[in-house]
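Everything below concerns the one structure shown next.
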Amino acid sequence: MATVMAATAAERAVLEEEFRWLLHDEVHAVLRQLQDILKEASLRFTLPSSGTEGPAKQENFILGSCGTDQVKGVLTLQGDALSQADVNLKMPRNNQLLHFAFREDKQWKLQQIQDARNHVSQAIYLLTSRDESYQFKTGAEVLKLMDAVMLQLTRARNRLTTPATLTLPEIAASGLTRMFAPALPSDLLVNVYINLNKLCLTVYQLHALQPNSTKNFRPAGGAVLHSPGAMFEWGSQRLEVSHVHKVECVVPWLNDALVYFTVSLQLCQQLKDKVSVFSSYWSYRPF
């Protein structure tokens, strides 16, 4: 019996020593690694013209789609804003070519990019608040920090992977429709959003439903992409989507950012798993 108790005590001493090493050394090593990765991710969102000062550089992206050539154009991205859009739309009925571009005094903020960057900044702040001199005393401290960091990283990733669902009246009321010169025709709606690593432009062509129409009017709910036949009411008119044109372009640095988020989340989870293992050996520590 004494031998078993001695073995158990020796095992416990080894585990406690390993756990102290985990709290004092490995946790800080992982925090440094996470900071380095997220600083790289943060740089992808700022894209400065030189060093870390000055305005973000402009990048031109050619819009394309494998399914249609009805819409062609170029979007100019400057950090978290569209600084220019130059779009050509070939009308399906008569092949008339419409051209519209942003007014020179206008930029369109992409809230998804702005929000994702803010969440990354918050994650970095949480990590730097526990510098090398800080001594973690319990596993619960580490788990709480990792949960907080993972929450910010998940929110950052979700802002890029989950575009907002908007109703057609919300798109119609958006300031984006007033960005163009010449002004968009009243039978066109435009929406721009991020989906994963792609910058997407959707053009909706509309036609008015006549008051004596026999169609059963059912307003469409919110969606990322509305389909032909979707109906809505705008002002005193009832309108229906007749054609939908979606074009997109890959933004390489958004792909980089998503990879950094995934790697960082994996590191956080691995550290949580290591800390949690010790909770199965003794119950008196506040895990």
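Annotations for the structure displayed:
- Residue satisfying all of: in the range 85-105; closer than 11 Å to PHE180 by Cβ and in contact with a Ser or Thr (Cβ under 9 Å, 6 or more places away or on another chain); surrounded by the fewest Cβ atoms within 10 Å (Cβ to Cβ) among these: ASP86
Every residue, every condition in (1) hydrophobic (A, V, I, L, M, F, W, C); (2) within 30 Å of TRP21 (Cβ to Cβ); (3) at pLDDT 95 or above, yes or no:
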residue: LEU97; (1), (2), (3): yes, no, no
residue: PHE100; (1), (2), (3): yes, no, no
residue: ARG103; (1), (2), (3): no, no, no
residue: LYS106; (1), (2), (3): no, no, no
residue: GLN135; (1), (2), (3): no, yes, no
residue: ALA156; (1), (2), (3): yes, no, yes
residue: THR165; (1), (2), (3): no, no, no
residue: SER174; (1), (2), (3): no, no, no
residue: ALA181; (1), (2), (3): yes, no, no
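- Where a residue in the range 165-181 is under 13 Å from TRP108 (Cβ atoms) and its partner, wherever it lies, is of a type in the set (Lys, Arg) and modelled with pLDDT under 90, with Cβ under 8 Å and at least six apart: MET179/ARG103; MET179/LYS106; PHE180/ARG103
- Flag if VAL241 is crowded, with 18+ Cβ neighbours inside 10 Å and closer than 19 Å to VAL74 by Cβ: no
- Test for LEU199: is it part of a strand (DSSP E or B), open to solvent by less than 30 Å² (accessible area, probe 1.4 Å) and either free of Cβ contacts under 8 Å to residues at least 60 places away in the same chain or of a type in the set (D, E, K, R) (or both): no
- Scanning the range 220-230 for residues being touching a residue at least 60 places away in the same chain (Cβ under 8 Å) and in a strand (DSSP E or B) gives a total of 0.
- For the range 137-154, a residue qualifies if it is of a type in the set (Ser, Thr, Tyr) and within 14 Å of LEU22 (Cβ to Cβ), and exactly one does: THR138.
- Taken over the range 102-145, residues that are within 17 Å of the chain's Cα centre (by Cα) and of a type outside the set (A, V, I, L, M) amount to 11.
- For the range 144-165, the tally of residues that are open to solvent by less than 50 Å² (accessible area, probe 1.4 Å) and either farther than 23 Å from SER276 by Cβ or among the acidic types (Asp, Glu) (or both) stands at 4.
- Evaluation of PHE217 against the conditions (1) assigned to a strand (DSSP E or B); (2) farther than 17 Å from LEU82 by Cα shows that the sole unmet condition is (1).
- Of all residues in the range 168-184, those that are assigned to a loop (DSSP other than H, G, I, E, B) and open to solvent by 50 Å² or more (accessible area, probe 1.4 Å) total 2.
- Any hit, the range 150-159, residues being assigned to a helix (DSSP H, G or I), in contact with a strand residue (DSSP E or B) (Cβ under 7 Å, 6 or more places away or on another chain) and within 30 Å of SER242 (Cα to Cα): no
- Unique residue being among the β-branched types (Val, Ile, Thr), at pLDDT 90 or above and over 23 Å from the mean Cα position of the chain (by Cα) when the list is VAL224, VAL244: VAL244
- Residues of the range 53-76 include none that is modelled with pLDDT of 85 or more and touching a helix residue (DSSP H, G or I) at 6+ places or on another chain (Cβ under 8 Å).
- Where a residue in the range 264-275 is in contact (Cβ under 8 Å) with a residue 12 or more places away in the chain and its partner, wherever it lies, is outside any helix (DSSP H, G or I), with Cβ under 8 Å and at least six apart: VAL275/PHE287
- Flag for ARG238 being basic (Lys, Arg) and part of a helix (DSSP H, G or I): no
The values are calculated or read from the model by the stated rules, or taken from the named source; none is laboratory data. Quick caveat, the model's predicted, so the values are computed rather than measured. Counting neighbours? That spans all protein chains shown, and the Cβs are built from the backbone with ideal geometry, glycine included. For the accessible areas, the whole protein counts, side chains as well, though only heavy atoms, and no ligand, DNA or RNA atoms are used. Shrake-Rupley method; radii C 1.70, N 1.55, O 1.52, S 1.80 Å.
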